[in-house]
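K.L.:
The structure follows.
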Amino acid sequence: MLEESKYYFNKAADVLNLPVLGRKILTTPFRMVKVEIVSDADNGQFHHHLGFRVQHDNSRGPMKGGLRYHPSVDADEAEALASLMTWKTAVVNIPYGGAKGGINCDPEQLSEKELHDITRTFVGHIKEVIGPNLDIPAPDMNTNSKIMGWIMDEYSKHYGFSPGVVTGKPLHLFGSDGREEATGRGVTIALEHALKDKDMSWEGLRVAFQGFGNVGSHAAKLMAQNGAKIVAVGDHKGGVSNPEGLDIPALMKYVKENRTVEGFDGGDAFKSDEVLTWDCDVLVPAALGGVLTKENANDVAAKIIVEAANGPTTPEADEIFHKKDVLVIPDILANAGGVTVSYFEWAQNIQQFRWELDRINDELYKTISRAYMSVAKTAKSNNVDFRTAAFVLGIGRVAKATMARTHVSTSRFDEFG
Ligand code: GLU
């Protein structure tokens, strides 16, 4: 994933004409932390894990990004994802830098008590480098509001009441209305603009989802409410399809109980990886990175791909989509709704003031819409695809902030506002 993120960075850096040293400054992480986590196991033994936090850039504000608990977590993955957060917060123009981290573990093998202990031990080891004005973690793959609540509690034990140290918290622990569905809502808003651009409409739009976790399920629900038909959903265990459109609220209920879509009786079963090449208008990868490759890209039927996951498309696949005239709405735009409402949550925390849900959804709509328009404009003026345009926009903003902090002239970046 690190190679891929550097490839996309360089493609945009070429458009921006960034010098070699500028590229080095913008790609090298500010700080990388790797910690050992030894904690009690239920069987009286110990668990041993490695935890990571990569802080990529803070020129535009405190660093921001999720924590994932997954066997793929390592320094390289966290570095790639941290850099994506830097460009993402810049694309939606919120006052943050980028970070990412997590714990290399398989949460399915851990009890809640073990997860709790591992989380608190991890916070104990990274507490000096996170904070409301320094680096603010949030949920990501396999982490949720409950875990964010433990993080706030552990951090607050050392530094006093600090709800602003982490976002995506439970509602009754200074979380924000609308945060849970925010990423899925942002994905839906981005698609709404793409449909307008392509002269397409929600009515009867056939959408396929890979992944039905927090992001995928909420996006599916909102798209279905808009009139789309969710014709196929695949996850890590299996898939379920229905040409008339799946009953999404019923599927959400089923997944809550069974932790997979497999076995849902409101449609036909299929093998999960078939979902990527499903006969549909829109494909939403909402699970792992690197799933759209040169092996399957030519068989993708969708005309629009909305990247709800981080890094789902390899550069080779991206090239193929570009040639096939498939519109790819890149992750750093499409899934930026999550970090945007994280920003609203943090703003509420530090102001000790609560916003109504209407205000949150309204500001989210405006933020994603503005970002979409800016990316579309950048794509047009530079004659590049949406991903390159989003990187150009994000990198340009970060470069300008970096330069403005020094005595070096910023003039050469001014044309990329
Ligand atoms: N993990 C989410 C992302 O990749 C949200 C990050 C945040 O809210 O800070 O954008």
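K.L.:
Consider Gly227 carefully, then state whether it is surrounded by fewer than 17 Cβ atoms within 10 Å (Cβ to Cβ), in contact (Cβ under 8 Å) with a residue 12 or more places away in the chain and part of a loop (DSSP other than H, G, I, E, B).
P.N.:
Taking the combined requirement at face value, the residue satisfies it.
K.L.:
Same structure again: I'd like to check something: does segment 52-74 contain any residue that is closer than 28 Å to Asn382 by Cα, part of a helix (DSSP H, G or I), more than 13 Å from the ligand (Cβ to nearest atom) and out of contact with any His (no Cβ under 8 Å at 6 or more places or on another chain)?
P.N.:
Checked against the condition, which is being closer than 28 Å to Asn382 by Cα, part of a helix (DSSP H, G or I), more than 13 Å from the ligand (Cβ to nearest atom) and out of contact with any His (no Cβ under 8 Å at 6 or more places or on another chain), segment 52-74 yields no hits at all.
K.L.:
While we're looking at this one, here's another question. Got a number for residues in segment 159-174 being surrounded by fewer than 24 Cβ atoms within 10 Å (Cβ to Cβ) and either outside any loop (DSSP other than H, G, I, E, B) or in contact with a helix residue (DSSP H, G or I) (Cβ under 8 Å, 6 or more places away or on another chain) (or both)?
P.N.:
Qualifying residue count for the region: 9.
K.L.:
Moving on to the next point. Kindly provide the set of residues from segment 123-151 that are touching a strand residue (DSSP E or B) at 6+ places or on another chain (Cβ under 7 Å), under 24 Å from Ala287 (Cβ atoms) and either away from the ligand (no atom under 13 Å from the Cβ) or not in a helix (DSSP H, G or I) (or both), ordered by number.
P.N.:
Scanning segment 123-151 gives Pro137, Ala138, Pro139, Asp140, Met141, Asn142, Thr143.
K.L.:
Next question, about the same structure. Hey, could you check segment 351-364 for residues that are touching a Gly at 6+ places or on another chain (Cβ under 8 Å) and more than 15 Å from the ligand (Cβ to nearest atom) and say which is farthest from Ala82 (Cα to Cα)?
P.N.:
Leu357
K.L.:
Okay, moving on. Checking the conditions here, which among Gly239, Gly234 is in contact with a helix residue (DSSP H, G or I) (Cβ under 8 Å, 6 or more places away or on another chain), over 23 Å from Ala334 (Cα atoms) and touching a residue at least 12 places away in the same chain (Cβ under 8 Å)?
P.N.:
Testing whether each residue is in contact with a helix residue (DSSP H, G or I) (Cβ under 8 Å, 6 or more places away or on another chain), over 23 Å from Ala334 (Cα atoms) and touching a residue at least 12 places away in the same chain (Cβ under 8 Å) leaves just Gly239.
K.L.:
Related question: Pull out all pairs, ordered by first then second residue, where Cβ-Cβ is under 7 Å, the residues are six or more apart or on different chains, the first lies in segment 126-148 and is under 15 Å from Ile350 (Cβ atoms) and modelled with pLDDT of 95 or more, and the second is part of a loop (DSSP other than H, G, I, E, B) and away from the ligand (no atom under 14 Å from the Cβ).
P.N.:
Hits for this filter: Pro132/Ser162.
K.L.:
Right, next: Which of the residues spanning segment 263-321 are closer than 23 Å to His218 by Cα and charged (D, E, K, R)?
P.N.:
Asp265, Asp268, Lys271, Asp273, Glu274, Asp279, Asp281, Lys303, Glu307 - these are the residues of segment 263-321 that are closer than 23 Å to His218 by Cα and charged (D, E, K, R).
K.L.:
Among the residues of segment 314-347, count how many are touching a residue at least 60 places away in the same chain (Cβ under 8 Å) and away from the ligand (no atom under 14 Å from the Cβ).
P.N.:
6
K.L.:
Please find, within segment 95-110, the residue that is nearest to Glu36 (Cα to Cα) out of those that are part of a loop (DSSP other than H, G, I, E, B) and either out of contact with any strand residue (DSSP E or B) (no Cβ under 8 Å at 6 or more places or on another chain) or more than 14 Å from the ligand (Cβ to nearest atom) (or both).
P.N.:
So, considering only residues that are part of a loop (DSSP other than H, G, I, E, B) and either out of contact with any strand residue (DSSP E or B) (no Cβ under 8 Å at 6 or more places or on another chain) or more than 14 Å from the ligand (Cβ to nearest atom) (or both), the one nearest to Glu36 (Cα to Cα) is Cys105.
K.L.:
While we're looking at this one, here's another question. For the subset of segment 152-167 comprising residues that are more than 18 Å from Gly61 (Cα to Cα) and hydrophobic (A, V, I, L, M, F, W, C), which member is farthest from the ligand (Cβ to nearest atom)?
P.N.:
Looking at residues that are more than 18 Å from Gly61 (Cα to Cα) and hydrophobic (A, V, I, L, M, F, W, C), I get Phe161.
K.L.:
Show the residue pairs that are 6+ apart or on different chains and have beta-carbon atoms under 6 Å apart, the first residue being within segment 76-89 and farther than 21 Å from Ala389 by Cβ, the second being of a type in the set (Val, Ile, Thr).
P.N.:
So the pair list comes out as Ala78/Val54; Glu79/Val54; Ala82/Val54.
The values are calculated or read from the model by the stated rules, or taken from the named source; none is laboratory data. Model, not experiment: these values are computed from the prediction. No Cβ is skipped: glycine too gets one built from the backbone with ideal geometry, and neighbour counts run over all protein chains shown.
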